[in-house]
Amino acid sequence: MRYVNRCGSVVEHFSGIVHVRNTTALCLKKAIIDYLAQHSLSLSYVRGQCYDGSSNMQGDLHGLKTLIQQESKSAYSIHCFVHQLQLTLVAVFKKCLEVGELVLLVSNVLNIVGGSFKRMDDLQKSQAEKVQEALDMGELETGRGLNQELGLARVTDTRWGSHYKSFKNFISMFGSIIDVLDTIVVDNRTLEERAKEQDITNAILLVEVAKRRLQKLREEEWDSLIDKVSAFCVKYNILIPNFDDFYVNSGRSRRKVADYTILHHYRVDIFFKIIDWQVQELNARFNEVTTNLLVGVACLNPVDSFSSFDINKILRMAELYPDDFDENIMVTLKNQLETYIVDIRDVDERFSNLQGLADLSETQVKTKKHLNYPFVFRLVKFALLLPIATATVERTFSAMKLFKSELRNRMNDEFMSGCLVPYVERKIFNTISDETIMNTFQEMKTRRGQL
């Protein structure tokens, strides 16, 4: 539970972790209501939610996020920004059979090649030889940081950029990978194995940049893409199809030829369609509400002498909290913002060189400015609550896999919480000596041995 205390500081209260894999969203909602009631709070106080990306949590119809927003419509949940970007790619892979098969093929090849230390040694040796050959032929330049050894980066559905890095390295190391695969085919002993926080403003802008680049790619860059693919095929003796021939689906009888060409299939049915799906996914996951909230948070940030401050964008953020900013308050808020920015940016030197919203909030309280600009301070507090829905919760769920493994799948909630709390709060536990931990453990009950 995260809140802003009377000093303007962000406080997080971590109570433990309960395993709720098969629990319904309604039961989770009740558990949260009961937990808040223990602290004399209700859902009406909630201004932010933080969950992983499962449908039980983030579902628009019956997810926990939606159920709580029905009680408190200003309790926004912004899913992990980086995870959402990755999910736009994953969604497209699932829609397009050809792309999905390519991702699976690359994954399987990387698993086979990286399946033993011997193959990895063979790969590195082959790669070094090809780099040296390219240097001798003048195809590569020498210099600091150039021609570094590449690794077999595997793709993952929850790690942004992993697909790009995996495919980029796969293309760069294609010749060496083929050498290793050829060795596997020759070696009879292996026959059985032949049968697997950028800042918010720039991040939001990059989403728009990505959509425009996709549109430009769709309209202008098909020919250049084909040239690159053709050059790659020629280099590795891969057959290039005649794009004017009629397309034959590999899963159909060859007598059932399609009434469209190979060019149409790759350009319209795959290239155009994937780009359109990708843009749709970006629009769906980064909608107007999410964008206005994130941009508003960025505009309140004091970094670089409030360089991102924009009253209109901040007001659009405030409009998303109708229970806290009615029409009369919105008029007052606009007036406060106009005076506030002159005061803290141009007059009061105590607000110079602040490093973030947390510093701004604490400084407002120390200087009593939160009393002069109460509605601005309210927005700053809301902005401090929203970042809970970032990669932090995704990392926590990933950490669960370290403890609740297949070998320890039956651990109870108390034991799992006992393991995870020190892991999540390791900064605090790093300050506790081993002797203190052993003494506490020893005194919990009578034990046979002395630690």
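In this calculation the C-beta distance from Ala358 to Thr446 is compared with R0 = 51 Å, giving a FRET efficiency of 0.65. Rounded to 0.05, the FRET efficiency of the Phe117 and Ser44 pair, given R0 = 60 Å and the Cβ-Cβ distance, is 0.55.
Quickly rank 119-128, 225-234 as a protection proxy: mean count of other C-beta atoms within 10 Å, highest first.
Ranked from most to least packed, the peptides come out as 119-128, 225-234.
Cβ-Cβ distance of Val209 and Asp60, R₀ of 30 Å, FRET efficiency by 1/(1 + (r/R0)^6): the value works out to about 0.65.
A simple spin-label model places pseudo-atoms 7 Å from Cα toward Cβ; at Ile437 and Phe232 they are separated by 4.8 nm. Past the 20 Å Cα-Cα mark, which pairs from Lys130/Lys235; Lys95/Lys168; Lys94/Lys404; Lys216/Lys273; Lys211/Lys273; Lys313/Lys381? Over 20 Å apart, Cα to Cα: Lys95/Lys168; Lys94/Lys404. A cut-off under 13 angstrom between Cβ atoms defines the neighbours of Lys73, and their net charge, with Lys, Arg +1 and Asp, Glu -1, is -2. The residues packed around Ile270, meaning those with a beta-carbon under 15 Å from its beta-carbon, carry a net charge of 0 if Lys and Arg are +1 and Asp and Glu are -1.
Accessible area of Lys216 (1.4 Å probe, protein heavy atoms only, ligands and nucleic acids ignored): about 100 Å².
For the listed peptides 47-60, 318-331, 426-439, a ranking on the average number of other beta carbons within 10 Å per residue, highest first, reads 47-60, 318-331, 426-439.
Using a probe of 1.4 Å, the accessible surface attributed to Arg267 totals some 90 Å² when neighbouring protein chains are kept in position. Rolling a 1.4 angstrom probe over segment 231-368 with all protein chains present gives an accessible area of which 48% lies on carbon and sulfur atoms.
The values are calculated or read from the model by the stated rules, or taken from the named source; none is laboratory data. Keep in mind that this is a model prediction, so the values were computed, not measured. Cβ coordinates were reconstructed from backbone atoms using ideal geometry, including for glycine residues, and neighbour counts include every protein chain displayed. For the accessible areas, the whole protein counts, side chains as well, though only heavy atoms, and no ligand, DNA or RNA atoms are used. Shrake-Rupley method; radii C 1.70, N 1.55, O 1.52, S 1.80 Å.
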